[in-house]
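The values are calculated or read from the model by the stated rules, or taken from the named source; none is laboratory data. Quick caveat, the model's predicted, so the values are computed rather than measured. Positions of Cβ are backbone-derived with ideal geometry, glycine not excepted, and every protein chain shown enters the neighbour counts. Only protein heavy atoms, including side chains, enter the accessible area calculation; ligands, DNA and RNA are left aside. Shrake-Rupley method; radii C 1.70, N 1.55, O 1.52, S 1.80 Å.
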Amino acid sequence: MNDEQRRIEGIGMTSARTRERLVQRLIDNGISHQVILDRIRRVPRHLFVDEALQSRAYEDSALPIGHGQTISQPYIVALMTQALVDGKGIRDLGKVLEVGTGCGYQTAVLATLVGTIYTIERIRDLSRATRNRLSDLGVHNIRYRHGDGMQGWPGQAPFDGILVAAAPSGIPEALLEQLAVGGRLIIPVGPPGGQELVRVTRGATGLEQETLCQVSFVPLLEGTG
Ligand code: SAH
């Protein structure tokens with residue numbers, strides 16, 4: 001193993017054994033999709049946070065990533081991914097829009113399950129750092145944009161799936177419009193302290209909405225930072 005492989009594999013608090021405890025916790029909490037569990041095992045979450053926080057990277061909690069933002073809790077990343085891909089193959093998910101790239105952890109977990117991810121982040125530094133990080137990790141099926149994800153990415157629509165990692169007070173109309181028939185939108189909605197994770201599916205005759213669980217996300221903000 002060379003130094004770079006060792007850095008990715010991790011040791012002690014970032015080792016395979018520590019990661020397995022996290023995976024077991026996700027299984028206990030109802031995550032059953034084998035590819036997702038395998039991504040949680042393989043994606044080196046400790047390389048998505050500051051060095052000072054690396055020993056906590058495989059705890060099931062959100063952690064700060066600077067700019068007042070957080071890396072999402074692994075359980076929530078797994079749950080959102082499962083809600084998006086369950087029962088679908090990679091061919092059904094050719095184009096997926098992600099709003100709120102952040103540090104790119106969700107992007108990396110999702111990457112092998114879909115064709116191309118179009119990811120938008122409103123904070124330029126985060127978008128740039130994440131592009132470099134994921135490229136270093138060999139995750140290449142991603143298109144990055146610095147911008148306001150509330151508007152979606154009209155030039156690439158429609159999307160087979162849309163995943164939003166920050167909470168608006170109501171579902172942005174543009175995102176519903178950019179959802180393909182058969183496509184799913186996974187989005188937290190509501191004010192701080194009262195958010196719900198919602199799945200909207202576009203059927204041939206209209207939209208169907210389900211509430212998945214209570215969640216706590218940073219707010220989806222208009223414009224760019
Ligand atoms: N997906 C990340 C979590 C990111 S936190 C993970 O895997 O851990 C949510 C991110 O959404 C933040 O980086 C925030 O800057 C971004 N964000 C908030 N409002 C946005 C908007 N309107 N458009 C794009 N990104 C937005």
- Rounded to two decimals, the Rg over Rh value of the stretch 31-83 from Cα coordinates and the Kirkwood Rh reads 0.98
- Item | Stretchable slack from N29 to R56, in nm (0.36 nm times residue separation minus alpha-carbon distance) | 7.8 nm
- Message: How far apart, in nanometres, would the label points at E196 and I11 be if each is projected 7 angstrom from Cα along the Cα-to-Cβ direction?
- Response: 4.9 nm
- Item | Solution diffusion estimate, µm²/s, Stokes-Einstein, the stretch 4-67, Kirkwood Rh from C-alpha pairs, 25 °C, viscosity 0.890 mPa s | 201 µm²/s
- Query: Just the accessible area for H33, please: 1.4 Å probe, Å², rounded to the nearest 10?
  - Reply: 40 Å²
- Label points 7 Å out from Cα along the Cβ direction at A180 and Q156: separation in nm? 1.3 nm
- Rg/Rg_ref, the stretch 1-123, where Rg_ref = 2.2 N^0.38 Å and atoms are Cα: 1.04
- Query: Given the options E121, E196, E98, which has the most mean-square fluctuation in a GNM of the chain, springs set between C-alpha atoms less than 10 angstrom apart?
  - Reply: E196
- Relative counts (whole %) of C-alpha pair distances in the stretch 66-215, using bins that are 10 Å wide: 12, 45, 37, 6, 0
- Find out how many positive minus negative residues lie around L185, taking Lys and Arg as positive, Asp and Glu as negative, among other residues whose Cβ is under 9 Å from that of L185. +3
